[in-house]
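Before any comments, here is the structure.
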Amino acid sequence: MSSATDPAGADAPVTDPHASIYDHGFVRVAAVTLPVALADPATNAERHLEQLRDLHDQQVGLAVFPELSLTGYSLDDLVMQEPLLDAAEQAIATLVEASRELLPIIVVGAPLRARDRSRIFNCAVIIHHGEILGIAPKQNLPTYREFYERRWFAPGDDADGELVRIAGEDHELTPHSIITVQDVPGLRLSVEICEDMWVPVPPSAEAALAGATVIANLSGSPITVGRAEDRTLLARSASARCQAAYIYAAAGEGESTTDLAWDGQTFVYECGDLLGESERFPQGPRATIVDVDLDRIVAERRRQNTVDDNRRTHAESLEKFSTWHEAWLFGPFGEDFEEFEDCDEGDGEEQGRSVGWFAHAPLSGATFHGGAVSGSGGDVRGEVSEAFERPHPATGALRRPLHRFPFVPDDPARLAQDSYEAFSIQVAGLVRRLSAIGGDKPGGTRPVLGVSGGLDSTHALLVCARAMDQLGRDRSEILAYTMPGFATTEHTRSNAELLSRAIGASFETIDIRPASTQMLKDMGHPAGSGEEVYDVTFENVQAGMRYDYLFRLANHHGGIVVGTGDLSELALGWCTYGVGDQMSHYGVNAGVPKTLIQHLIRWVIAEGLFDEATGDLLQAVLDTEISPELIPTKPGEKAQSTEDSIGPYALHDFTLYHQLRRGYGPAKIAYLAHQAWGDLDAGEWPAGYSEGDKRSYTRVEIKHWLSVFTRRFFSNQFKRSAAPNAPKVLAGGSLSPRGDWRMPSDATSKAWMAELENEVPGD
């Protein structure tokens, strides 16, 4: 195998930094089910190899097969026969030898005899590059209903160090082992078998606390009505609770149907999210092949500090775990490895490390160089000769659900549910705030807001209307103001008025141009004398004037200013600080990104929360280009566009999610953005998304706008540090200085910009 060729088999070195998933914190895994030749290990070994050769060509790094996959699960008493056990050992030896030419770490199932031949263990054998890395015996043996496993097997929970024979050699059982893959940072593998995941405290829970990031489950699991749903429930909850990936492969075709049936279910979950699954009851082999994001698992555990706190609680129980074997997916092997070992003198940290996540934390942003893993945290095992430095194999496109709009679900039902919850959270927040300050009864504290006919103020007005309904107050107590400036169009001004009146709010127009002109004149600004100087001061005078009026109007009428600015604007600092749209008495949109707000308005229309005429007005707002309307334009000129100025919100929200929620740096974000946005026809689009708005982005565009986001995000933290109260809406995070995001206002973006410049391709 050449690890430096592209998927088509060309011999040219891989130079594209986006060519391999292994350069970006992923590992490709496969959960495989295949027709079993019952009681015929030799044939099963060949069938495994057929699949493994194909998985090798697809650059799969970890392949998991079903329970007792080399013999079949439904053997009953045949599993205790010497010819079968001899053949099983030979089948393992066949796979071990063949694995020298294969990329994947292989996890297969087989019955193995104790060396003294007194007991048999139901085992998962982990094989890679001509070596057995570990043998995990099944720890919990079901002997109830249709199961009789204790009739044949010994439980493996206390079998640490028990010897089994394979091809004349002794191997230790490793029920509490974790295999660390050194050149795939973050990959730490633990294996459990079928029933192990059905018990109250499964082995995977302790393994995760001890540092395992990927759990493989080899399952027999005969199928009955509803059991497939139970399996996914258990696996999904395990992956979410343990912040891990869970790979599941069940037995299928070829198993005995004397008394049972089999469906060959396979799937992979990651931190509670389904990455992929195969069809059930297949004819022939099937595999779920997906790319697991190891960086995500690392980031989740770093943030959810209770994972490590829980490890401390169970520290005594975890003492049985060890890093049984340290493997290398890509090498070095053979003579290269001997050369590598010679380079490793003086490294005294390799043995005897403590158990636990932080003791074995992978290096963020690490890269592989022929056996060494290096990164910001230093080298894992020292410097390596350039003689065997090599790139990772080209893997093609990322194989996992990857959403263009991470804040917006692709599935229509999920989007509707999220929209209901987001809107309800916003309404509940405002209801509570008004109730706390005398707004829980007619004539009480009034919501005051500026309406422009744009997305954000329109949605805030809808939230206010719903809040007044819940408080039992008339919507006329909402005080809505439109304040046209030098560039306000009749279209947006009209939308603002029509919508306010349709909602039932009290509406007034206050022309801010005279006051703004006077302020510009008093400042000595050229625009105060009629000159066409449209700089940031010219814009901010208008934005500030509007909010100066709103705050004084709130004082005058016994109300509070309801902020309309959204999460995306806070991230980019696209707001006027102080007496401007950065400030309010209470914000309702600050937890909602721009890309979701338009879908919330669509949901309001679809749900019929307001009458049909109001729905038509809301659609008109959706059809209007986003603009601050602060700079005048002449006939024939294009009106000021927010996205022309600061970039597409689609890309900015993509970056915001992966930086805020995942903690990724620019290099990984750019890679993911290229995977998600590089091809117009790849992947799904959210329900209701306009065909005319669909587009793709080149790597040049992605890098440029990522640079804009990074600079603006750092330079505008001072605005977020003084952000008013607003409810957190999405699990993707908020930017409240009292909540999800704490950051010094004077931090530098130098390290982020250096990574962007050095590691993100611009063509």
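The values are calculated or read from the model by the stated rules, or taken from the named source; none is laboratory data. Only a predicted model underlies this, so the values are computations on that prediction, with no experimental measurement involved. Every residue, glycine among them, receives a Cβ derived from its backbone with ideal geometry; neighbour counts consider all protein chains shown. The area values use the complete protein model at the heavy-atom level, side chains included, leaving out ligands, DNA and RNA. Shrake-Rupley method; radii C 1.70, N 1.55, O 1.52, S 1.80 Å.
Some notes on this structure:
- Each eigenvalue of the Cα gyration tensor of segment 177-327, multiplied by 5 and square-rooted, gives one semi-axis; in descending order these are 28, 16, 14 Å.
- Cross-link partners of Lys728 among aspartates and glutamates (Cα-Cα below 13 Å; sequence separation of 8 or more within a chain): Glu421, Asp566, Asp740
- Using a probe of 1.4 Å on the protein chains alone, the accessible area found for Trp603 is around 30 Å².
- Relative contact order for the chain: 11 percent, from Cα pairs under 8 Å spaced at least 6 residues apart, divided by residue count.
- Take every pair of alpha-carbon atoms less than 8 Å apart whose residues are at least six positions apart; their mean separation over the length of segment 673-757 yields a relative contact order of 26 percent.
- Note, ³J(HN,Hα) from phi for segment 701-710, Karplus 6.51, -1.76, 1.60, rounded to Hz, x at Gly and Pro: 5, 4, 5, 4, 6, 5, 5, 4, 4, 4
- For His325, distant residues with modelled amide H under 5 Å away: Ile178, Thr180
- Total formal charge among the other residues, if their Cβ is under 15 angstrom from that of Ala554, Lys/Arg +1 and Asp/Glu -1: 0
- Mean shadow area of segment 550-701, taken as a quarter of the surface of its Cα convex hull (nm²): 12.4
- Averaged per residue, segment 172-296 has 29 square angstrom of accessible surface, using a 1.4 angstrom probe with ligands and nucleic acids left out.
- Cα-based helix-to-principal-axis angle, 649-660 vs the chain, degrees rounded to 10: 50
- If the chain linking Met743 and Arg241 were pulled fully straight, counting 0.36 nm for each residue of separation and taking away their Cα-Cα distance, it would gain 177.9 nm.
- Electrostatic tally near Asp681: other residues with Cβ closer than 13 Å to its Cβ, Lys and Arg +1, Asp and Glu -1, net 0.
- Sites Ser494 and Asn305 - FRET efficiency at Förster radius 35 Å, r taken between beta-carbons, to 0.05: 0.10
- Angle between the chain longest axis and helix 455-471 axis [Cα atoms, degrees, rounded to 10]: 90
- Amide hydrogen neighbours beyond the local backbone of Gly134, cut-off 5 Å, H modeled: Ile126
- Charged neighbours of Ser435, selected by a Cβ distance under 12 Å, balance to +3 (K, R count +1; D, E count -1).
- Computed from backbone phi with θ = phi - 60° and the Karplus coefficients 6.51, -1.76 and 1.60, the 3J(HN,Hα) list for segment 583-596 is 10, 6, 7, 7, x, 9, 9, 5, x, 10, x, 4, 5, 8 Hz; x is used for glycine and proline.
- 222 nm mean residue ellipticity, helices alone, for the chain (DSSP H n ≥ 4; -39,500 (n - 2.57); rounded to 500): -11000 deg cm²/dmol
- Listed values [x] -0.33, -0.60, -0.74, -1.13; [y] -0.37, -0.65, -0.79, -1.21; [z] -0.23, -0.46, -0.61, -1.19, entry calculated as log10 I(q)/I(0) by the Debye sum over Cα atoms at q = 0.05, 0.07, 0.08, 0.11 Å⁻¹: [x]
- In plain terms, the chain from Asp16 to Asp440 could stretch by 146.6 nm, reckoned as 0.36 nm per residue minus the Cα-Cα distance.
- Cross-link pairs Lys594/Lys703; Lys694/Lys719; Lys668/Lys750; Lys594/Lys668 - those with Cα-Cα distance over 26 Å: Lys694/Lys719
- The residue list Pro401, Leu434, Phe714 was ranked by how far each Cα lies along the charge dipole of the chain toward its positive end, using unit charges on Cβ atoms, and Leu434 comes out on top.
- Loop-resident GluC sites (Glu not before Pro) (DSSP state other than H, G, I, E or B) in segment 704-763 with no more than 12 further Cβ atoms inside 10 Å of their Cβ are absent.
- Share, in percent, of DSSP beta bridges within the chain that are antiparallel, nearest 5: 55
- With respect to the chain, whose longest principal axis is taken over its alpha-carbon atoms, helix 612-622 is tilted by about 80°.
- Fully extending the segment from Glu508 to Val700 would add 64.5 nm, taking 0.36 nm per residue of separation and subtracting the current Cα-Cα distance.
- Segment 661-725 - percent of accessible surface contributed by carbon and sulfur, probe 1.4 Å: 47
- Protein accessible area in segment 185-230, 1.4 Å probe - carbon and sulfur %: 60
- Sequence-distant residues sharing a close amide H with Ser256 (under 5 Å, placed H): Ser74
- Solvent-accessible area per residue, Å², over segment 519-596 with all protein chains present [probe radius 1.4 Å]: 37
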